[in-house]
Amino acid sequence: MEVSSQSPHLGHWIKVLDHAWTVRSNRMLKPFGLTRGSWYLLYHVNEAGQISQKALQELLEVESGSMAILVDSLVRKGWLDRIADEKDRRANYLRLTPKGIGRWKKVPNFIQTLQKEMMAGITKEEEANAVTVLKKAWRNWSEEESAKD
């Protein structure tokens with residue numbers, strides 16, 4: 001991606017970093033048939049053991065249609081089992097298949113690798129300052145959203 005290094009805007013650099021993170025993540029995960037989005041979904045299912053599709057959708061903050069497409073793909077690829085809720089036939093639970101559990105153990109934690117690459121040459125103090133600024137920006141939006149409710 002061609003990037004102008006002259007932009008002084010934080011939003012520009014957040015977008016550039018997010019795009020680079022996505023490209024590098026997907027490159028690392030491609031040999032496993034995964035993308036950054038599918039990795040995050042599988043990560044949360046693995047951590048939970050079993051989770052409702054609705055709860056996972058809310059956790060990942062994705063639309064129901066996008067969630068259904070991603071889940072369908074991972075079910076077809078043998079990563080996930082979809083279990084119908086006995087009390088509510090409209091609801092489903094997700095869990096890794098036995099094959100998915102074995103495959104998951106072989107998938108690298110791309111976050112650690114990419115963070116190490118991205119932070120090369122950046123001091124702990126610089127990193128802490130960046131995190132502080134981004135947290136404050138997030139709180140501004142979080143408080144704004146809370147006020148709307």
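Numbers for the structure displayed
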item: Segment 10-118: radius of gyration over Cα atoms, expressed as a fraction of 2.2 N^0.38 Å; result: 1.15
item: Cut-off 10 Å between beta-carbons: net charge of the residues surrounding residue 78, Lys and Arg +1, Asp and Glu -1; result: +3
item: Simple label model, 7 Å out from Cα along Cβ direction - residue 97 to residue 126, nm; result: 4.6
item: Long-range HN-HN contacts of residue 93 with modeled amide H, under 5 Å; result: 53, 83, 84, 85
item: Most positive-pole-ward Cα, 7, 29, 57, against dipole of segment 1-68 from beta carbon charges; result: 29
item: Those trypsin sites (Lys or Arg not before Pro) in segment 90-149 that DSSP places in a loop and that have at most 12 other beta carbons within 10 Å; result: 90, 105, 106
item: Pairs from 99/136; 54/99; 54/105 whose Cα-Cα separation, in the structure shown, is over 30 Å; result: 99/136
item: Value of [θ]222 nm, deg cm²/dmol, for the chain, DSSP H segments ≥ 4, -39500 (n - 2.57) each, nearest 500; result: -20500 deg cm²/dmol
item: Environment charge of residue 117, counting only residues whose C-beta is closer than 13 Å and scoring Lys/Arg +1, Asp/Glu -1; result: +3
item: For segment 61-149, diffusion coefficient by Stokes-Einstein and Kirkwood Rh (Cα), 25 °C, 0.890 mPa s, µm²/s; result: 142
item: Highest to lowest packing among 12-22, 45-55, 31-41, scored as the average C-beta count within 10 Å; result: 31-41, 45-55, 12-22
item: In nm, spacing of pseudo-spin labels at residue 141 and residue 54 (7 Å Cα→C-beta vector); result: 2.6
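Every number in this text was worked out from the coordinates using simple rules, so none of it is lab data. Note that this is a predicted model, so its numbers are computed, not measured. Note that each Cβ is placed from the backbone with ideal geometry, even for glycine, and that neighbours are counted across all protein chains shown.
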